[in-house]
Amino acid sequence: MRKALRWLLALTVLIGTLSTAGAATAATAEPEPGSTDIKDQLLSIPGMSLIQEKPYPGYRYFVLNYTQPVDHRHPSAGTFQQRITVLHKDVSRPTVFYTGGYNVSTTPSRREPTQIVDGNQVSMEYRFFTPSRPDPADWSKLDIWQAASDQHRIFKALKPLYPKNWISTGGSKGGMTATYYERFYPRDMDGVVAYVAPNDVVNDEDSAYDRFFATVGTKECRDRLNAVQREALVRREPLEKKYEAYAAENGYTFTTVGSLDRAYEAVVLDYVWGFWQYSLLSDCDTIPANAATATDDEIWTSVDTISGFSFYTDQGLSPYTPYFYQAGTQLGAPTIQFPHIEKKYIRYGYQPPRNFVPRDISMKFQPWAMRDVDTWVKHNAHHMLFVYGQNDPWGAERFRLGKGSKDSYVFTAPGLNHGANVAGLTADEKTLATARILSWAGVSSSAVAEAEPLARFDSKLDVRDVEREPTLRP
């Protein structure tokens, strides 16, 4: 899991961290009178600058910077540059506002709602993920309201260019982000599609996860995973020697987490969670059938493939400092039990987010933040769709609707993981979800009645991979 995460992160950095030196700004790119070129119109927006335009058949694709206040309550207190991308199809089409809650990809892609409505797509990099980080960084300005206010300003700036209906979407932390945006700015969007969005209302009450891991998949698969996880702790001494050599070879250090021993246990304890988050039941065949007789290399490889021994190094944690900061100040983080492992083998247990953030960044948890959002959704959800995967651990604590919700839904995709989507729902629920998304997007009544995606699937443009990110126990 972590190897895939590391590869995706490296790819994002390679293609996304582009120099903004010499970027065309609104001041130097004013459109000619009467110009209808979308690039000219985008660059006429105050604070918008061009990083790069990339070609893609049937679209215009722009990577942009947008000037945002560091503190939306005090806009004069400083600004920073926030990356966004615009996949432009036509101003007469609906627009989907997407964020994954982390870095933004600068490769043209289309999320599922964008394909369904055949629309434009605006994608936002979450504040404090580099390069969209204020300098100097005042970490107290990284919270869900400030991030929602980033989205609100982007929407207000782009709405005159894209006047048709808007739908916000995102997966996992991005699904949370879309939900928080709706909570704080409920009049902006015409609909919300939140995928696999965790909802940790009470941070210290996590028994739902323990119940999930006791029943997910099959007993045979659970037993295999549990045995490998336990064996990795039983063989701690020889495998940590292997870890030490691996770290030395790659220049990895452990200042933030505190020691190689802490990092090793954190990786091993992620193993079962990581499997169910990113794998399918059919992947159980790849897990060693008999952990007790497996070689050290087989145990190491299985854990490394799913959890990734590089993740809890300083180098692995650094890109995710904003995430762990938020988990330890507002979002919450799950803690689970390990009944299949004797206590003598577990030294630290699931470590709190504080352990994964440099100590010079202060943190204080706000228990009211998630309770507020949860209460708002139950009483005010309107045009909101939540999609979860049956075998995804994050679905154990999910958003639920109350009596105050209207035209809103919570669906579960059978057998799917953290990559659950509308296409994976049962036939009836897929039809209903597709119809509601089309209706919220304001397309023709005949299209709503047919309840089929309006754009053909594009294997390059339509991303269908699992939302890759830390597991919160990462």
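Here segment 320-474 is described by how far its Cα atoms reach on the three principal axes: 61, 33, 31 Å, from widest to narrowest.
Largest first and in whole Å, the equivalent-ellipsoid semi-axes of segment 129-254 read 41, 24, 14, each the square root of five times a Cα gyration tensor eigenvalue.
For segment 52-157, the percent of C-alpha pairs falling in each 5 Å distance bin, counted from 0 to the bin holding the largest distance, reads 2, 13, 23, 23, 17, 11, 7, 3, 0. Across every pair of non-identical alpha carbons in the chain, the mean reciprocal distance, once inverted, gives a Kirkwood radius of 23.2 Å. Put simply, the amide H of residue 110, placed in the peptide plane, has neighbours under 5 Å in 462, 463, leaving out anything fewer than 5 places away on its chain.
Across the accessible surface of segment 202-276, with the other protein chains kept in place and a 1.4 Å probe, carbon and sulfur atoms take up 49 percent. Shown in residue order for segment 421-436 are the 3J(HN,Hα) couplings computed by the Karplus curve 6.51 cos²θ - 1.76 cosθ + 1.60 at θ = phi - 60°: 8, 4, 4, x, 6, 4, 4, 5, 5, 4, 4, 5, 4, 5, 5, 5 Hz (x for Gly and Pro). The listed residues 204, 261, 297, 150, once ranked by accessible area (1.4 Å probe) with the largest placed first, stand as 204, 297, 261, 150. Against the empirical curve 2.2 N^0.38 Å, the C-alpha radius of gyration of segment 112-166 lands at a ratio of 1.38. Computed 3J(HN,Hα) for segment 162-175, one whole-Hz value per residue from the Karplus formula 6.51 cos²θ - 1.76 cosθ + 1.60 where θ = phi - 60°, is 10, x, 6, 4, 10, 10, 9, 8, x, x, 6, 4, x, x, glycine and proline marked x. This model, with +1 at the C-beta of Lys and Arg and -1 at the C-beta of Asp and Glu, gives the chain a dipole about its Cα centre of some 680 debye.
Restricting the trypsin sites (Lys or Arg not before Pro) of segment 292-360 to loop positions (DSSP other than H, G, I, E, B) with no more than 16 neighbouring Cβ atoms within 10 Å leaves 347, 359. Peptides 278-289, 111-122 ranked from most to least packed give 111-122, 278-289, packing being the mean of other C-beta atoms within 10 angstrom over each peptide's residues.
Amide H contacts of residue 51: 63, 64, 65, each under 5 Å away and 5 or more positions distant or on a separate chain (H built 1.01 Å from N in the peptide plane; Pro and chain starts excluded). Hey, any idea what % of segment 285-393's accessible area is carbon plus sulfur with a 1.4 Å probe? Here it works out to 51 percent. Between 124, 232, 167, whose Cα lies farthest towards the positive end of the dipole of the chain when Lys and Arg beta carbons carry +1 and Asp and Glu beta carbons carry -1, centred on the Cα centre? With unit charges placed on the Cβ atoms, the residue in question is 167.
Specify the inter-centroid distance of segment 325-365 and segment 68-133, based on alpha-carbon positions, in whole Å. Distance between centres, Cα-based: 30 Å. With 0.36 nm allotted per residue and the present C-alpha distance subtracted, the residue 250-residue 53 stretch has 67.4 nm of extension available.
Since only 196, 181, 213 are under comparison, the one whose Cα sits farthest along the positive direction of the charge dipole of segment 175-230, derived from C-beta charges on Lys, Arg, Asp and Glu, is 213. Once all protein chains are placed together, residue 164 keeps about 100 Å² accessible to a 1.4 angstrom probe. Indicate, rounded to the nearest 5 percent, the antiparallel portion of the DSSP beta bridges found entirely in the chain. Rounded to the nearest five, the antiparallel share is 50 percent. For segment 102-186, carbon and sulfur atoms together expose 49% of the accessible surface, with a 1.4 angstrom probe and every protein chain in place.
Taking the charge dipole of the chain about its Cα centre, with +1 at Lys and Arg Cβ atoms and -1 at Asp and Glu Cβ atoms, the residue from 334, 418, 140 reaching farthest to the positive side is 140.
Considering helices alone, the calculated mean residue ellipticity of the chain at 222 nm is -10500 deg cm²/dmol, with DSSP H runs of length four and up weighted by -39500 (n - 2.57) and normalised per residue.
Judged by the gyration tensor of its Cα atoms, with axes a ≥ b ≥ c, segment 316-396 is oblate; a/c meets the 1.5 cut and b/c is at least as large as a/b. Sequentially through segment 398-412, phi angles give Karplus couplings (6.51, -1.76, 1.60; θ = phi - 60°) of 10, 6, 10, 8, x, 5, x, 7, 9, 6, 10, 8, 10, 10, 10 Hz, Gly and Pro residues having no value and appearing as x. For the pair residue 343 and residue 210, label points projected 7 Å from Cα toward Cβ lie 1.3 nm apart.
Could you list which residues have their amide H under 5 Å from that of residue 409, counting only those 5 or more apart in sequence or on another chain, with H placed in the peptide plane? Distant-sequence amide H within range of residue 409: 384, 385, 386. With a Förster radius of 45 Å applied to the beta-carbon distance between residue 401 and residue 292, the computed FRET efficiency rounds to 0.45.
Do any trypsin sites (Lys or Arg not before Pro) in segment 374-457 lie in a DSSP loop with no more than 10 other beta carbon atoms within 10 Å, and if so, which?
Qualifying residues, ordered by number: 403, 456.
Taking 29 Å as the straight-line reach from the Cα of residue 403, the lysines in range (excluding those fewer than 8 positions away in the same chain) are 173, 378, 430.
Accessible surface computed residue by residue for segment 222-381, with neighbouring protein chains in place and a 1.4 Å probe, gives 42 Å² per residue. Given DSSP loops and a limit of at most 16 other Cβ atoms within 10 Å, what is the longest stretch of the chain that contains no such GluC sites (Glu not before Pro)? After excluding every exposed loop site, the longest remaining stretch is 1-204. Ellipsoid fit via the Cα gyration tensor, segment 392-464: semi-axes of 22, 19, 10 Å, each the root of five times an eigenvalue, largest first.
What does DSSP give for segment 47-186 in terms of the percent of beta bridges that are antiparallel, rounded to the nearest 5?
Among the beta bridges of segment 47-186, antiparallel pairing accounts for roughly 75 percent.
The values are calculated or read from the model by the stated rules, or taken from the named source; none is laboratory data. If you're wondering where the values come from, they're calculated on a predicted model, not measured in any experiment. Cβ coordinates were reconstructed from backbone atoms using ideal geometry, including for glycine residues, and neighbour counts include every protein chain displayed. We work out accessible area using only protein heavy atoms, side chains counted, and drop any ligands, DNA or RNA first. Shrake-Rupley method; radii C 1.70, N 1.55, O 1.52, S 1.80 Å.
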